[in-house]
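The values are calculated or read from the model by the stated rules, or taken from the named source; none is laboratory data. Remember, predicted model here, so these are calculated numbers, not experimental data. Reconstructed Cβ throughout: ideal geometry from the backbone, glycine too, with neighbour counts over all protein chains shown.
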Ligand SMILES: Nc1ncnc2c1ncn2[C@@H]1O[C@H](COP(=O)(O)OP(=O)(O)OP(=O)(O)O)[C@@H](O)[C@H]1O
Ligand SMILES: [Mg+2]
């Protein structure tokens, strides 16, 4: 028997009420990651992208301190896997991101996490997992996270 089944992109919605909860969700998510995974984070300033990344790094047993690489563009951490933590906030073009060797990082053993990933979306592979952060208009400590896993086709 042959199947021709498309499994649509799966999306998971999570609400958090505090920084600690966002870190905890990052930790849950991070425990499922493997070498070669690419995680794209989007959302405004202060949305929680770095907090979530701290959780991921906790799950991966990273001992380095995890901060937005706003000026360095990339921070490298050592844990169960290597973690390459990017911040595209200050970059002016996708070309600039290529010039720091982004495409080579994608080929390395390890996990790539990119804050402000929408600025370099054309450079991201299909396997990218997207995590979008939304602020709550009323409660300033509330966030909605939407995690979108890549499409899987089974034919
Ligand atoms: N539910 C929440 N989840 C995450 N952070 C929260 C939450 N509620 C409040 N905060 C606060 O929001 C800020 C989130 O900061 P964080 O550095 O993680 O954001 P960011 O998206 O990385 O911003 P940037 O684009 O400047 O790098 C922190 O000051 C944190 O304490
Ligand atoms: Mg940040």
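Only one residue in 79, 55, 101 is on the phi > 0 side of the Ramachandran plot and either away from ligand 2 (no atom under 11 Å from the Cβ) or within 16 Å of the chain's Cα centre (by Cα) (or both), so which one is that? Steps first, answer last, please.
Working: 79 fails: on the phi > 0 side of the Ramachandran plot; 55 fails: on the phi > 0 side of the Ramachandran plot.
Every option except 101 fails the conditions.
Looking at 10, 31, 35, 68, which is the one that is away from ligand 2 (no atom under 13 Å from the Cβ) and in contact with a helix residue (DSSP H, G or I) (Cβ under 7 Å, 6 or more places away or on another chain)?
So the residue among 10, 31, 35, 68 that is away from ligand 2 (no atom under 13 Å from the Cβ) and in contact with a helix residue (DSSP H, G or I) (Cβ under 7 Å, 6 or more places away or on another chain) is 31.
Pairs, please: C-beta under 6 Å, at least 6 apart or cross-chain, first residue under 17 Å from residue 103 (Cα atoms) and in the range 126-137, second in a strand (DSSP E or B)?
Between residues of the range 126-137 that are under 17 Å from residue 103 (Cα atoms) and residues that are in a strand (DSSP E or B), the close pairs are 128/38; 128/40; 129/39; 129/149.
Grab the helices (runs of 4 or more DSSP H) fully contained in the range 1-101, keeping just those with 2 or more residues being within 16 Å of ligand 1 (Cβ to nearest atom) and free of Cβ contacts under 8 Å to residues at least 12 places away in the same chain.
On the way: elements: 19-30, 49-59, 94-99.
Where helices (runs of 4 or more DSSP H) fall fully within the range 1-101 and carry at least 2 residues being within 16 Å of ligand 1 (Cβ to nearest atom) and free of Cβ contacts under 8 Å to residues at least 12 places away in the same chain, they are 19-30.
Pick from the range 73-84 the residues that are over 14 Å from residue 33 (Cα atoms) and in contact with a strand residue (DSSP E or B) (Cβ under 8 Å, 6 or more places away or on another chain): which of them is modelled with the lowest pLDDT?
Among them, the one singled out is 73.
Go through the range 128-143 and report how many residues are modelled with pLDDT of 95 or more and either within 20 Å of residue 33 (Cβ to Cβ) or surrounded by 15 or more Cβ atoms within 10 Å (Cβ to Cβ) (or both).
The qualifying residues number 9.
Would a scan of the range 105-115 turn up a residue that is surrounded by fewer than 17 Cβ atoms within 10 Å (Cβ to Cβ) and within 16 Å of ligand 1 (Cβ to nearest atom)?
Start the filter on the range 105-115 by keeping residues that are surrounded by fewer than 17 Cβ atoms within 10 Å (Cβ to Cβ), which leaves 107-109.
If we keep only those that are within 16 Å of ligand 1 (Cβ to nearest atom) as well, we get none.
No, the range 105-115 contains no residue that is surrounded by fewer than 17 Cβ atoms within 10 Å (Cβ to Cβ) and within 16 Å of ligand 1 (Cβ to nearest atom).
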